[in-house]
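Colleague: The structure follows.
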Amino acid sequence: MDLFTIVSLILITIMIIAAIIAAEIKDLLSAAIASGVMSLVVSILFYMLQAPDVAITEAAIGAALSMAVMIFGIKSTKRWEK
Amino acid sequence: MIRPVLLIAFPLFFAFLSPIIGLWSKKWVRYLIIFATALNATLAGLLLLEVFQHPVFDIIGGFQPPLGIVLMVGPLGAIIAFIINLVAFIISIYNLKVEKEPIVRYSMLYLLLVMGSTGMVLTGDLFNLFVFLEVTSIASYSLAAYNKDKKGFLGAMKYVIIGSIGSTFVLLGITLIYSELRTLNMLDIAARIGTMDPYVKIIAFTSLFLGFGVEAEMFPLNTWVPDVYDGAPNPISAAFASLPAKAGIFALARVIFTMFSFTNFLWFVVIMGLLTVFFGELIAYTQKNLKRMLAYSSIGQMGMIIMGLGIGTTLAVEGAFYQMIAHALGKALLFIAAGFLIYAAKSDKIEDMKGMARNPLVGIPLLIGALSIMGMPPFAGFYGKFFILMGGFSEGYYAIIALFLAASIVEVAYYARFIKIVFEKGNRVIRPDAATYIPLILLAILIVLIGVYPKPILAVLQHVSAFITGGA
Amino acid sequence: MKRVLALTLAILLFIVFAMAFAKIPFGEKMSNYPDYYNPIENQTSNMSLPQHYLTYGKNDTGATNMVTAVVVDYRGFDTLGEVTVLFLASTGVGSLMYVEDKVKRKVRRSNAVVETGSKLLFGFIILFGAYIFIHGHLTPGGGFPGGAVIASSFLLLYLAYPKFHAEHKKLNVSESLAGLTFVIVGLLGLIIAGYFLYNFLPFGLPTYLFSAGVIPVIYVAIGVKVGSELTGIVDAMMGVRE
Amino acid sequence: MIPYYYLGSISLVVIGIYIVIAKKNLIKIIIGLDIMDTGVNLLLISVGYVKNATAPIENVPGPYVDPIPQALVLTAIVIGVSVMALALSIAIGIYKKTGTLELDEIMGVEE
């Protein structure tokens, strides 16, 4: 196994764990942040797959802005899932 | 020489222009939208005349396909684009009835809905089809919730959820196709589809089929339909039945026939169509709410179209395309009439609408539309159903034909009940205003025209169907 | 019950798609890709589509960043659609969040450090966003991330100044003008060369700022448009608070 | 042996679909849609990867990776965020009308 494989495997594991946390946690704010973490990890993966344009876009739009919009949405509604 | 790209560029131009005009006058924006759709309908009509000679390719950006994106317009695509834009123009007159603010945004969304549906029909590139699908569906999501009441929001939410799953499947299908063939042009894909791994091919086909099935109201992805049609503003319900639904089913036809020339897989399409027909018609029979009844009836009709495509003989496919045109006109008419009836009766229950259609300006078009949807001979709806039946008969799908007939009888039953109620002697008759009866009369004239004099359309459709089914 | 059903369906889908993707090699050499076929000229090329882009892209478009070349030039029509999607989203959010009377925002307090800091940072962030989209044809980045960065500078102002409110009219006008620029550039291509979105300006020298024809023009329009649209979305979302 | 990148991104898609079907909270469902989108995007990018290649920018020496999926994903990301913003505003509208975000409670609430 080379470095690329090891780092990829670690990042993919973090990504899936973040997605599962986003799926299962009852606190919606934490779920939104977990999905933001997932997007950030995915943007690192994009960078490793030699897609810097996509990585920048995913970090700016997919992780930062969409998380901000999501948090505004949660703030104007309810924070906890039943 | 009309360039197909103008059908997309002009609406975009006007949509981007309207916020600036909206700063001066909101009224102007509404007339601008009517003008834009009229211009588009005219262009589509001229394009139709041109396409009869030979299919038109419009290369965008000056790069030969598959390097760049190409718009690919054959006679069938031109007819559907023309019908879409014509109905869009007629409905845009009815749009003047919408009073709710913010009206400038409403107009822009409506115009872009038209643009997206047209783009879905014209494009010859798979990913571009996805982009236009998204344009259409995002415009639809916001328009479905435009009334901003509970019904509208809930319908829109269902639509967003199912629609997003659908577009994810489309994107998965595109990924599978791209990773095997490294191209996105539909004709290029069609030429090399044989080199794909059979399993990958089937999964890609199913993904795309399910994804476009959302817009085409196919069972089981159509649970959003009644809620959205019920909750949306009246002109939008009319527009949904004739613009995105038709564009979606055309995309479905492209996937089935142009890209994957599957002949041993068509039974699957027939079964899906039949399920859709039954789901729609049987539930429509039990509905008491007018717009929901029309919505379920719309599902049933879309199922018939899918069935016709799936039977796959020249005649049946011809019938399916004819049914598409008849349904676009008829359902738009019925939804506009429904909007008037609901306004007049101040209730959306059919039983409250006694005698509301006794004004001839509404009553006669309503009757024509309903008879056409039922499939009665002198009107447009007849030929579609008849050809699908004949096509199925010649292929020996006897059981399916029997079921199809049973569903049609159910359809006739509930429309007859509806007509009986609205023409019964009621207490008072309300006169419609011009923005309501002009679209109704225009649509009724078109339905009668196509029904009485179907030759030119049938000739084109027959030619096209023979070409795409490979029959003589 | 519903959970079990959903889990079964999810696992089923996983198996189906995993089996399909198992047939697709990962990191394959580009020379193994199938050659493309031109359906209009009816001839098969001797290379695959991405190879063509990488070999001739610089000559065809004048851009050094091939992703930009594909996004803005080869598949510029997709990008026009994508810009429309964002326009639709901001219009839709605006129309759904629309309230008849002026919204009363609850005034929150933020401290002096945040206020001064964001005042300082605001200009720099906007400059950085502009840098990203102006250099889109040379370096990674482009209109979309650039616009997002600009929107994030406004986001900062929203967070720092409770009373801050981007003027809707100005946002609308800037996004309309940017959209019109895109469409008009496309139509000019149609008039000048006969192809919609044709790159009709001279390419100039590669790697220079003023190169690649209309690509920088379109990317600037996209950057302004994306920036004002995302700001509009953020603004509409903030306006909900009462 | 399926490449781990494919496995990871398909898992994301599937987790997203699971959330959308199994969960009843609207915001949760929207998060699910977001995860689904991200999964497909990662899948598309990994399909375009070439071993030991670099990003398709002329200043660096080749061989390069496939630029097309990157262009497609740029489009898909923007579309994803648009859908998400719209879905959120619809969810906020539902909350304003009914006071809840749970799907089974919404059905019971009268306006």
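Rule-based calculations on the coordinates, nothing more; no lab input. Since this is a predicted model, take the numbers as computed values, not measurements. Reconstructed Cβ throughout: ideal geometry from the backbone, glycine too, with neighbour counts over all protein chains shown.
Colleague: Can you work out ³J(HN,Hα) from phi for every residue in the stretch B:337-351, in order, using Karplus 6.51 cos²θ - 1.76 cosθ + 1.60 and θ = phi - 60°, giving whole Hz and x for Gly and Pro?
Modeller: 4, 4, x, 5, 4, 5, 5, 6, 8, 6, 7, 9, 7, 5, 5
Colleague: Between helix C:76-96 and chain C, what is the angle of the helix's C-alpha long axis to the longest principal axis, kept within 0 to 90° and rounded to the nearest 10?
Modeller: Tilt relative to chain C: about 20 degrees.
Colleague: Give the relative contact order (percent, whole number) for the stretch B:1-155; include only Cα pairs under 8 Å separated by 6+ residues.
Modeller: About 26 percent, as a whole number.
Colleague: Okay, moving on. Would you list, by chain and number, the lysines whose Cα falls below 29 Å from the Cα of C:Lys119, excluding same-chain residues fewer than 8 positions away?
Modeller: Cα-Cα hits under 29 Å: A:Lys75, C:Lys102, C:Lys104, C:Lys106, C:Lys163, C:Lys169, C:Lys170, C:Lys225.
Colleague: ³J(HN,Hα) across the stretch D:21-35 via Karplus (A = 6.51, B = -1.76, C = 1.60, θ = phi - 60°), whole Hz, x for Gly/Pro?
Modeller: Whole-Hz 3J(HN,Hα) from phi for the stretch D:21-35: 7, 8, 7, 10, 7, 5, 5, 4, 4, 5, 4, x, 4, 4, 4.
Colleague: Okay, next question. Considering only the other residues whose Cβ falls under 12 Å of the Cβ of B:Asn222, what net charge follows from Lys and Arg at +1 and Asp and Glu at -1? Don't skip to the end; give the middle numbers.
Modeller: Values: positive: B:Lys158; negative: B:Glu215, B:Glu217, B:Asp227.
Spelling it out: positives minus negatives among the neighbours equals -2.
Colleague: Under 5 Å between amide hydrogens, which residues at least 5 positions from D:Thr54 or on another chain qualify, with H placed 1.01 Å from N in the peptide plane?
Modeller: Those lying under 5 Å, H to H, from D:Thr54 are D:Tyr64, D:Val65.
Colleague: Of D:Ile31, D:Ile77, D:Gly62, whose Cα points farthest to the positive end of the dipole of the stretch D:4-108 (charges on the beta-carbon: +1 Lys, Arg; -1 Asp, Glu; origin at the Cα centre)?
Modeller: Final value for the positive-end residue is D:Ile31.
Colleague: On to the next question. Before anything else, pin down the relative contact order of the stretch C:64-239: Cα pairs under 8 Å, at least 6 apart, normalised by residue count, whole percent.
Modeller: Normalised by residue count, the contact order of the stretch C:64-239 is 32 percent.
Colleague: Over all directions, average the projected area of the Cα convex hull of the stretch C:64-239 and note it in nm².
Modeller: Working: hull surface 43.5 nm².
The Cα convex hull of the stretch C:64-239, projected and averaged over all directions, gives 10.9 nm².
Colleague: Would you give the gap between the C-alpha center of the stretch C:1-27 and the C-alpha center of the stretch D:71-111, rounded to a whole Å?
Modeller: Taking the Cα centre of the stretch D:71-111 as reference, the centre of the stretch C:1-27 is 26 Å away.
Colleague: How high is the relative contact order of the stretch A:3-75, in percent, with contacts defined as C-alpha pairs under 8 Å that are six or more residues apart?
Modeller: Working: 62 pairs, mean separation 20.4, N = 73.
Rounded, it is 28 percent for the stretch A:3-75.
Colleague: Moving on to the next point. Calculate the spin-label point distance for B:Met1 paired with B:Asp433, positioning each point 7 Å from the Cα along the beta-carbon direction, and give it in nanometres.
Modeller: 4.7 nm
Colleague: Using alpha-carbon positions, what is the distance between the centroids of the stretch C:35-58 and the stretch B:269-323, in Å?
Modeller: 42 Å
Colleague: For the stretch D:1-32 and the stretch B:1-42, what is the separation of their C-alpha centers, rounded to whole Å?
Modeller: 40 Å
Colleague: Which of the lysines could a cross-linker bridge to C:Lys29, judged by Cα under 30 Å and excluding same-chain residues fewer than eight apart?
Modeller: Here the lysines satisfying the reach criterion relative to C:Lys29 are B:Lys201, C:Lys58, D:Lys51.
Colleague: Pairing the Cα long axis of helix A:3-24 with the longest principal axis of chain A, what angle in degrees results, from 0 to 90 and rounded to the nearest 10?
Modeller: 10 degrees
Colleague: Going by C-beta contacts inside 10 Å, put D:Thr100, A:Thr13, B:Thr313 in order with the fewest on the left.
Modeller: Working: D:Thr100 18, A:Thr13 13, B:Thr313 23.
Ascending Cβ contact count within 10 Å gives the list A:Thr13, D:Thr100, B:Thr313.
Colleague: OK, next. Against the longest principal axis of chain C, how steep is helix C:49-61, in degrees 0 to 90 to the nearest 10, with axes from Cα atoms?
Modeller: Value to nearest ten degrees: 70.
Colleague: Counting each DSSP H run of 4 or more residues in the protein assembly as shown as -39500 (n - 2.57), what helix-only mean residue ellipticity at 222 nm follows after dividing by all residues, to the nearest 500 deg cm²/dmol? Write out the running numbers ahead of the final one.
Modeller: Working: 34 runs with 635 residues, N = 907.
Estimated from H runs of four or more residues: -24000 deg cm²/dmol.
Colleague: With a Förster radius of 41 Å, plug the Cβ-Cβ distance of C:Lys29 and C:Phe128 into 1/(1 + (r/R0)^6) and report the FRET value to the nearest 0.05.
Modeller: Numbers: r = 37 Å, r/R0 = 0.91.
Calculated transfer efficiency: 0.65.
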